[in-house]
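Worksheet: the structure to be examined is printed underneath.
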Amino acid sequence: MSGLQNGILILFACNLLLAVYVAANKQQKHQNQEIWEQDLSDTFKIEGSDQGIQKVNLKCGADSMNVVLETEKPFTGVMYTRGSFYKQTAPCFMKPSSNQGSRSMEMNFQLDQCQTLRDGDLYTNIVVIQNDPELITPGDSAFSLECDFRQPRSLDVEASMQARDRVATGSKITLTSPDPAAPTEHLHNSVVSNSDSVAYIPKFSRPNRTIHLGSVEEVTLPSSSQSRDEL
């Protein structure tokens, strides 16, 4: 076989290898594109968790919401109303004053602050409890808060009543997802009170259940010796 023939065969083999490489590379890119185009929302869905929380208390004032968080261990993350993370300014954003964290944090804001939503005399907001100061991660919490000032139809209310004199007729705390992209209907267990105060206590709650309280003053919590089924 002449040198020219050898050269042609070598060139043909190189072209064949190049064609195989290009085809394999295109196939890999197509596979990668399919992976990125998949809906990964369910794969990375972050559910709301109340692990590590002792109590969340909501007090509905005439023109404010007061939220108190109590944790089992010193909390070193951040607490904020949804939509207030990037500004990181009080009263809508709170973090422990100590680097060692704190087992109790309090947030107080007006009903026209911190992305509070109003539907007539019903005010709602969502407070996020984020363990990592920078990122939402599994194990974080969020609580939907409600202050209800709607009066029963049978109750006559003077038209001259000032907003500062009003008292909430209902309050509610619901565990929900800390992920702002999560569907709003993905709510979990709730605690409802017919007064201006309500407390969410994880060890007394049950998944996807609503606990109705007559008022905070009337509630007698079971002793620790009672099982959850007895609540």
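What is the dipole size for the range 95-152, taken about its Cα centre, with +1 at each Lys and Arg Cβ and -1 at each Asp and Glu Cβ, in debye to the nearest 20? Spell out each step's value before the answer.
On the way: 4 positive and 9 negative charges, 31 e Å.
So the dipole magnitude of the range 95-152 works out to roughly 140 debye.
Going 7 Å from the Cα of Q88 along its beta-carbon direction, which residues of the range 109-140 have the amide nitrogen within less than 12 Å of the resulting point?
Label zone hits: 133-135.
A short reminder: the numbers here are calculations on the coordinates, not readings from a lab. Please read all numbers here as calculations on a predicted model, not as lab measurements. Neighbour counts run over all protein chains shown; Cβ positions are idealised from the backbone, glycine included.
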